[in-house]
1. Within the stretch 496-517, how many residues turn out to be under 16 Å from residue 551 (Cα atoms) and assigned to a strand (DSSP E or B)?
2. Take residues that are surrounded by 21 or more Cβ atoms within 10 Å (Cβ to Cβ), free of Cβ contacts under 8 Å to residues at least 60 places away in the same chain and among the acidic types (Asp, Glu) and tell me which of the helices (runs of 4 or more DSSP H) falling wholly in the stretch 1-91 contain 2 or more.
3. Between residues in the stretch 538-550 that are aliphatic (A, V, I, L, M) and residues that are part of a loop (DSSP other than H, G, I, E, B), which pairs lie under 8 Å by C-beta distance while being six or more apart or on different chains?
4. Scan the stretch 396-434 residue by residue and report those that are within 18 Å of residue 456 (Cα to Cα) and aliphatic (A, V, I, L, M).
5. Give 306, 269 a once-over and let me know the one that is in a loop (DSSP other than H, G, I, E, B) and either out of contact with any helix residue (DSSP H, G or I) (no Cβ under 9 Å at 6 or more places or on another chain) or without any contact (Cβ under 8 Å) to a residue 24 or more places away in the chain (or both).
6. Before we move on, is residue 563 among the small types (Gly, Ala, Ser) and assigned by TED's automatic domain parsing to the domain that holds residue 508?
7. From (1) among the hydroxyl-bearing types (Ser, Thr, Tyr); (2) in a strand (DSSP E or B); (3) in contact with a helix residue (DSSP H, G or I) (Cβ under 7 Å, 6 or more places away or on another chain), pick out the condition that doesn't hold for residue 561.
8. Give just the number: which of (1) touching a strand residue (DSSP E or B) at 6+ places or on another chain (Cβ under 9 Å); (2) under 13 Å from residue 461 (Cα atoms); (3) surrounded by fewer than 16 Cβ atoms within 10 Å (Cβ to Cβ) does residue 508 not satisfy?
Amino acid sequence: MKLGTCYYPEHWPEKMWDNDASTMVKLGIQQVRIGEFSWSRIEPSRNNFKWNWLDKAIETLAKYNLKIIMCTPTATPPKWLIDEIPEILALNETKQIRNFGSRRHYCFSSENYREESRRITKILLNRYGKNPNIISWQTDNEYGCHDTVISYSSMAKKAFQEWLKVKYINIKNLNMAWGNVFWSQEYNTFEQILLPNNTVTEANPAHILDFRRFSSDQVISFNKEQINIIRTHSDALITHNCMGHFTSFDHYTLGKDIDVITWDSYPLGFLDQGWSTEKEKIQWMRTGHPDFAAFHHDLYRNCSKGRWGVMEQQPGPVNWAPNNPAPENGMVKLWTLEAAAHGAEYCSYFRWRQAPFGQEQNHAGLFDSRNRISQGGLEVSEIKILLERLKSLENHNTNVALMFDYPSKWMFDIQPQGREWNYEKLCFEFYTTLRRLGLSIDIISPDHDISKYKLVVAPSLPIIPDNLLKLAKSSETKILFGPRSGSKTSEYQTPPEYPFSKDFQFVKSESIRAGASLKINMNNKAYHSKNWRDIIECENINNIKFIDGHPAYINQEYYDYLATWPSHELLKDILITLTKKLAIKTINLPENIRIRHTKDMTFAFNYSDETVDISELVSNAIFTYGGSKLGPHEVSIWETQMKEIV
């Protein structure tokens, strides 16, 4: 795995560049990302291009054999362009203009902006497309950051109407699919259809869902326009940097068009602004949740044919969360090695040097604004030495997958049917339970080939693809479905026939308020569930049921159904029983310890502030790094054989 950093030569005097580049090499940096916010410096006014500074920056980095990831600068259209074409700006849900003065100030549906995006991309590629020092191109930057996927502009309305025409062919089909006979919502033409905002009460859920699908497609098509230009002018790899806990567009679809998908890893910031309890936020304040980074590593790895990396790794405190603590000493190294263990091609730190001006003055870098190396920078120098010692970090073929679906997230956001229902949180809790059993996981879409897995866990899948159950049967892959699975059609209607109706009957469902729980009896032991229950009936009730007698868990030959949001203990014991039947080896790990297998090695990560004895995990191990006494925020690595992890 290569190490990289995000560098902004335009922020610093040219006389500093040479020393920066030489210091990068000494630290172990091999790749440098530049240019994503540089449009105003490249083109300070229309067709007035200033290339000298960028030519010199590329030349300086290349002199030290640093490879360059060049970005298209379209995340920050300059002020002169906004003044020329003010319609570029997006509108929020209340029709308020999202003005110039920060970043990502454009609407994906603006044809004028798309033309400008293509123009600057072509100009950039004409100049640098064949430059041998540029090994990769990044399109734009963090699509959708700051809630910018969805725009309620007149341009978005027109584009949405055209999108609907292509999908439904005629207005009768749309009225039927959306159920518009309800509340007299029927349309006579596509031109009558507005965007689903500012309605008296909630808009038609099918209308909102299609608008979410359309908005996702707009991101994908915008990205594809840049990709087509890059591929015409360059043979370099193409990437885009996605984000954590971000679901406003479909990353599986985006990943089909690019070579190496990347994401921006900020474990502390996302913990502090996320759904974790106050206790958990204090517990992991300086480490991040033990499964946050891993979840996204495993998700993005399967978004672009297994090729992925970390474009921005948090090296110190950030500036944008409600609270911004510093990482515990050792955590930057741990996060980097965790990315390596999950198969990252590179890990790049944001940023090289902390900015002394602008909105990110309090966002740490590998060096501070006075050019003093940070704790994160010191740890990078250690990582360089360690990576040179490791053998191949090729992924092994895991036999367990978790199914995560973006349209499912959109559907549940539209009608959660309960304040505590959060699809992404549900999936994350399932993932955490699997990881605490020592399993290495793939995260896949519902369209992914499941035949290579012994077990696929779908925490909730409202739309079940027509052939999924058939594939499970033919491939002898066990699928564990969670609550609300099969509850909707792709048109956001209740299906006329439940997908599992030949095995059990769905009666009704209920959401459970915070603090309440439902008692479940399994094998004469009491458990609890929370948040949600599907009330179902079947003839052969097994020994896992609610205290009112309704089944909590249905076991079938090639699929199982869990009719509730389970507590950790309930889900853990269900999974232990299930994996044992499937001959999948598990280990009951301590709360703050995680392991990850590669083809030849096993990594153990300690997210706690105490030394943990992991002797039970290793037997006659040959340690490459660390040992069986795993210190606070430390990593141990040992050689393994596949038979040890099957």
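The values are calculated or read from the model by the stated rules, or taken from the named source; none is laboratory data. Owing to the predicted nature of the structure, the values given are computational and were not obtained by experimental measurement. Here the Cβ positions follow ideal geometry from the backbone for every residue, glycine too, while neighbour counts run over all protein chains shown.
1. Of the residues in the stretch 496-517, 6 are under 16 Å from residue 551 (Cα atoms) and assigned to a strand (DSSP E or B).
2. The helices (runs of 4 or more DSSP H) meeting that bar number zero.
3. Listed pairs, sorted by first residue: 541/549; 544/523; 544/552.
4. Within the stretch 396-434, 400, 401, 402, 403, 426, 434 qualify.
5. Working: 269 fails: in a loop (DSSP other than H, G, I, E, B).
Being in a loop (DSSP other than H, G, I, E, B) and either out of contact with any helix residue (DSSP H, G or I) (no Cβ under 9 Å at 6 or more places or on another chain) or without any contact (Cβ under 8 Å) to a residue 24 or more places away in the chain (or both) holds for just one of 306, 269, which is 306.
6. yes
7. (3)
8. (2)
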